[in-house]
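In what follows, a structure is listed as structure tokens, so that the remarks can point back to it.
The values are calculated or read from the model by the stated rules, or taken from the named source; none is laboratory data. This is a predicted model, so every value here is computed, not measured. All Cβ positions, even for glycine, are placed from backbone atoms using ideal geometry, and neighbour counts span all protein chains on display. Surface areas here come from the heavy atoms of the whole protein model, side chains and all, with no ligands, DNA or RNA. Shrake-Rupley method; radii C 1.70, N 1.55, O 1.52, S 1.80 Å.
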Amino acid sequence: MANLFQPVSYRKGAVWAVGSTAAWKICSFINGILIALYFGAHTQTDIYFYLIMICGMGVNFLQHINAAVFIPEAICAQKQSPLSAMRLLNAVLVFYVLLGALCIVTGALYPQYLAGAVSRFSQAQLNQNLHMVSWVCVLFAFQMWASFLCNILEMRKLFGSAWLMPANALLPLILLLGGAQKWGIMCMVYGFLAANVLQTGVFLYLLKTKCAWQFTLGMEGFHARLKKNLLTSQALELISLVNTWIPAYLISGLGSGLVSALNYAKQLSDSPTEILTWRVCAVNKIELSEDSAQKNEQALNVHFLRTNRLLLFMLTPLAVFSCFYALDIIRLFFERGNFTPQAARNAAAFLQPLLIMMLLFIPITMQSNLFSAERKLKEAFPYLLVSNLIFTGAVIWGVKQWGAFAYPYVQVVCCLIGFGINKFLFNKHFPHIQYGRAMLDMARLAALNVLALLPAAVCTCLCGCKTPFFTLLSGGIVFLSALYGLTKYSGDWQIFINAARQSRLPAPFK
């Protein structure tokens with residue numbers, strides 16, 4: 001523990017990031033099971049999940065801008081002038097402090113107008129939960145501050161800061177167990193807020209003591225290229241934010257329990273993305289940024305392909321297997337207490353396409369990392385803009401035409417179209433990156449996993465077991481056995497082992 005808050009290698013940083021995120025998601029998953037048990041899926045849980053979702057969208061929007069613009073720029077500036085990098089990031093921090101203060105004041109004075117503007121819940125439903133709206137605004141401010149401070153610490157290779165992440169689920173879990181009858185679902189909001197206040201204070205302390213941070217301001221880091229990249233990133237991330245918000249907004253007016261069902265499904269589908277994809281890619285992004293700064297194109301291609309392949313190999317089996325057994329998984333974890341069979345069917349209907357998206361997020365995140373590392377956001381803008389606008393129109397039409405469950409399927413189709421568009425971008429601006437090979441890796445692994453699923457599916461149909469646990473256990477054994485045999489025969493297993501030995505991924509993945 002003595003070295004927890006010291007600069008460490010990428011390998012150790014990755015294992016700490018993944019370990020802390022896994023601990024956080026385990027606690028979050030327990031929270032989800034208890035919320036389903038205590039509160040089920042109805043209007044109040046819809047409003048709670050919707051507000052937390054909106055918070056997450058806002059924080060992710062700012063995180064992506066930080067990772068795409070400010071952190072890569074600060075890494076480059078730090079090589080020439082550490083003080084200049086500090087002043088750049090301090091100016092951004094001041095902006096976030098002012099933005100958070102504005103959000104808190106607005107939430108305190110006008111909660112009904114704020115919630116009504118971003119959702120389709122009735123005014124009567126919102127009036128019963130104004131207290132929740134106000135406190136979620138405070139939560140958003142602290143989440144924004146803690147997130148940015150954590151980005152700075154990770155830039156300085158203090159990856160141990162990630163070990164405070166489980167507090168985001170542990171403190172809400174403690175309050176849920178002790179205060180569910182007194183505060184209802186509000187105990188979750190109080191727990192989230194306590195965790196982020198704690199992290200903000202600790203991160204500021206670490207900056208001052210471990211990084212010798214100087215909280216001075218200066219604008220010399222805001223040169224012309226940064227401003228162009230910032231405007232490009234803001235435009236793209238704003239479109240992405242709108243595209244994330246629109247489906248949730250439309251679904252919030254379609255019926256009681258649908259937003260809750262979507263969130264229960266997302267808890268399952270998002271966990272692997274947050275534990276592995278985002279955390280490993282966050283470390284890999286710094287690695288790619290350094291390769292780009294050193295103009296080492298060969299290393300850039302190797303690190304891009306290797307991380308992409310390793311993540312695909314680990315998560316494709318989970319996506320394929322869980323997609324087929326989605327209803328059994330939902331029933332196993334959530335169908336008890338106030339969580340009804342209809343809510344389970346709704347959650348499973350969302351879960352299946354969301355699992356496909358879980359897999360697609362790997363190349364999406366890796367390609368985004370490359371745009372940021374090479375600082376080609378301006379050049380990528382036309383391609384990414386077209387992809388996002390296609391999704392905007394498609395999801396509005398799809399949800400209105402086919403209902404809430406169309407949303408994730410539209411997302412899958414638009415992502416596949418986006419990969420085709422990105423092919424032109426890579427050919428023009430990243431000829432040293434083997435884009436086709438990365439896509440071929442994904443297609444080959446998906447095909448192998450689907451073939452391995454066939455005997456498991458036949459076994460499940462013939463067995464006719466009604467208990468979710470035994471259905472998943474028997475199907476999982478057959479699936480993994482068939483998959484191991486196929487990957488050994490095809491050589492993909494040995495490719496994975498060799499790549500893992502050469503990578504900077506942490507030892508647990510080797």
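Mind checking which of Phe350, Cys281, Ser147 is farthest towards the positive end of the chain's charge dipole, using Cβ charges of +1 (Lys, Arg) and -1 (Asp, Glu) about the Cα centre? The residue sitting most towards the positive pole is Cys281. What pairs in Lys285/Lys378; Lys79/Lys210; Lys210/Lys295; Lys295/Lys378; Lys25/Lys466 have C-alpha atoms more than 22 Å from each other? Result: Lys210/Lys295; Lys25/Lys466 exceed 22 Å.
Taking only C-alpha pairs under 8 Å that are 6+ residues apart, what is the relative contact order of the range 41-190 in percent? Working shown, then result.
On the way: 107 pairs, mean separation 41.5, N = 150.
So the answer I get is 28 percent.
Taking a probe of 1.4 Å, how large is the accessible area per residue of the range 309-417, in Å²? Provide the component values of the computation, followed by the final result.
On the way: 4160 Å² over 109 residues.
In whole numbers, the range 309-417 has 38 Å² accessible per residue.
Met314 sits with roughly 50 Å² accessible to a 1.4 Å probe, with DNA, RNA and ligands left out of the calculation.
With charges set only on the Cβ (+1 for Lys and Arg, -1 for Asp and Glu), what does the dipole of the chain come to about its Cα centre, in debye to the nearest 20?
Numbers: 36 positive and 17 negative charges, 148 e Å.
So the magnitude is around 700 debye.
By the combined test of axial Cα extent (at least 27 Å) and Kyte-Doolittle hydropathy (mean at least 1.0), the qualifying DSSP H helices of the chain come to 82-109, 130-155, 186-210, 435-463, 468-490. For Asp492, the solvent-accessible surface computed with a 1.4 Å probe is close to 10 Å², ligands and nucleic acids excluded. With q set to 0.05, 0.13 Å⁻¹, the log10 of I(q)/I(0) for the chain, from the Debye formula over equal scatterers at the Cα positions, is -0.19, -1.47. For the range 386-440, the extents of the C-alpha atoms along the principal axes are 43, 21, 8 Å, listed from largest to smallest. Charge dipole (Cα centre; +1 on Lys/Arg Cβ, -1 on Asp/Glu Cβ; no other charges) of the range 280-320 amounts to roughly 120 debye.
Here the Kirkwood formula puts the hydrodynamic radius of the range 357-510 at 18.6 Å, using every distinct Cα pair.
Helical content of the chain, expressed as a calculated mean residue ellipticity at 222 nm, amounts to -28000 deg cm²/dmol (DSSP H runs of 4 or more residues, -39,500 (n - 2.57) each, divided by residue number, nearest 500). Straight-line cross-link reach from Lys400 at under 20 Å between alpha-carbon atoms covers these aspartates and glutamates, not counting any fewer than eight positions away in the same chain: Asp46.
Equivalent-ellipsoid semi-axes for the range 153-216 (Cα gyration tensor, √(5λ), whole Å, largest first): 31, 11, 7. Ranking Ala101, Gln63, Ile174 by Cα position along the charge dipole of the chain, where only Lys, Arg, Asp and Glu carry charges on their C-beta atoms, puts Gln63 farthest toward the positive end. For the chain, the fraction of 1.4 Å probe accessible surface lying on carbon and sulfur atoms is 66 percent. Each of Val450, Leu238, Gly485 was placed along the dipole of the chain (beta-carbon charges, centred on the mean Cα), and the one lying farthest toward the positive end is Gly485.
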